[in-house]
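Read-outs: derived from the displayed coordinates by stated rules, not from any lab. Fair warning: this is a prediction, and the values are worked out from it, not measured in the lab. Glycine also receives a Cβ, built like all others from the backbone with ideal geometry; neighbour counts cover every protein chain displayed.
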Amino acid sequence: MRDNLVLGEGVVIGEDVEIGANVVIRDGTVIGDGCVIQDNVVLGKQPRLSARSTAKRDPLPPLVLGAGAAVCSGAVVYAGTTIGEKAIIGDLASVRERCVVGDGAVIGRGVCVENDTLIGARCKVQSNSYITAYSELEDDVFIAPCVTTTNDNFMGRTEERHEQIKGAIIRRGARVGGGVVILPGIEIGEEAFVAAGALVTKDVPAKKLVAGLPAKVWRDVPDVELLEAQ
């Protein structure tokens, strides 16, 4: 089905691609073999920035979807981003410009991934989470629903903030529970576990479980829960 398809100039579409109804594919977008593009998707969107936005304004390369990727109904994926092979972008999700979503990653329903963010292979970001600009999630990170990351301690005021804007760095295999809030520039260590509802104000050591308001170390993550034990 390709009802009401809007196709820009220079779009490249691989073999065995499924395209739903009311899809918009902007100039230069590259869609790999076997991709699935569901209804009401917008691919290769150009950002519309406010006068005070801190985002870069350089021209963007085309959006690239790796082989076997799926972009589900109502999702919007911007130009300048790369989506890895067999990754899934869920219904109504938004992935902004200059992002990388790794092979096999899952971006859940209603998730917002802001600009200049790296999401590694096999990551899972569940429904309605917010991944702020300039964040990094290494491979095999798990983000539960409704997690909020932040990147600006000054909340849009003072010129000083421009040099200090920084999202979270979440290291390989870390897990973040539902409803967690992570303050700007926080590093969550490899295989760490952040319990649901925590407020993370300080870096989290590797392989530690933290919980509370603010989050504090409670214990080690059991060896049976580590990636190498799976």
Please order 45, 216 by the number of other Cβ within 10 Å, starting at the fewest.
216, 45
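What percent do you get for the relative contact order of segment 135-215 when only Cα pairs under 8 Å and 6+ apart count? Could the numbers behind the result be given before it?
Numbers: 226 pairs, mean separation 21.5, N = 81.
Over segment 135-215, the number comes to 27 percent.
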Cα→Cβ-extended label distance, 7 Å offset, between residue 161 and residue 50, nm
0.9 nm
Each residue of segment 70-82 in turn: what ³J(HN,Hα) in whole Hz from Karplus with 6.51, -1.76, 1.60 and θ = phi - 60°, glycine and Pro shown as x?
10, 10, 8, 3, x, 6, 10, 10, 8, 4, x, 10, 10
State the Cα centre-to-centre distance between segment 68-145 and segment 151-188 in whole Å.
17 Å
Say a paramagnetic label sat at a point 7 Å from the Cα of residue 196, along Cα to Cβ; which residues of segment 113-134 have their backbone N under 16 Å from it?
126-129
In debye, nearest 20: dipole of segment 58-105 around its Cα centre with unit charges on the Cβ of K, R (+) and D, E (-)?
20 debye
Could you give me D for segment 129-230, from Stokes-Einstein at 25 °C and 0.890 mPa s, where the hydrodynamic radius is the Kirkwood radius over C-alpha pairs? Units µm² s⁻¹, please.
181 µm²/s
Residue order, fewest to most surrounding Cβ atoms within 10 angstrom, among 116, 220
220, 116
Have a look at 128, 115, 153 and tell me which one the Gaussian network model of the chain (Cα, springs below 10 Å) gives the largest fluctuation.
153
Please identify, among 103, 16, 27, the residue showing maximal mean-square fluctuation in a Gaussian network model of the chain using a 10 angstrom Cα cutoff.
16
Set of lysines near residue 166 by C-alpha distance (under 28 Å), chain-local residues within fewer than 8 positions excluded
45, 56, 124, 202, 207, 208, 216
With +1 assigned to the C-beta of every Lys and Arg and -1 to the C-beta of every Asp and Glu, and no other charges, what is the dipole magnitude of segment 57-161 about the Cα centre in debye, to the nearest 20?
320 debye
With label points set 7 Å from each Cα along the Cα-to-Cβ direction at residue 27 and residue 227, the distance between them in nm comes to 4.0 nm
If we count other beta carbons within 10 Å of each Cβ, what is the order of 146, 123, fewest first?
146, 123
For the chain, the charge dipole (Cβ of Lys, Arg +1; Cβ of Asp, Glu -1; about the Cα centre) points to a positive end, and the Cα of 170, 199, 99 closest to that extreme belongs to 199
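Could you tell me which of rounded, prolate or oblate describes segment 1-134, using a ≥ b ≥ c as the square roots of the eigenvalues of the alpha-carbon gyration tensor, with rounded for a/c under 1.5 and, failing that, prolate when a/b is larger than b/c and oblate otherwise?
Details: a/c = 1.55, a/b = 1.20, b/c = 1.29.
Oblate, because a/c is 1.5 or more while a/b does not exceed b/c.
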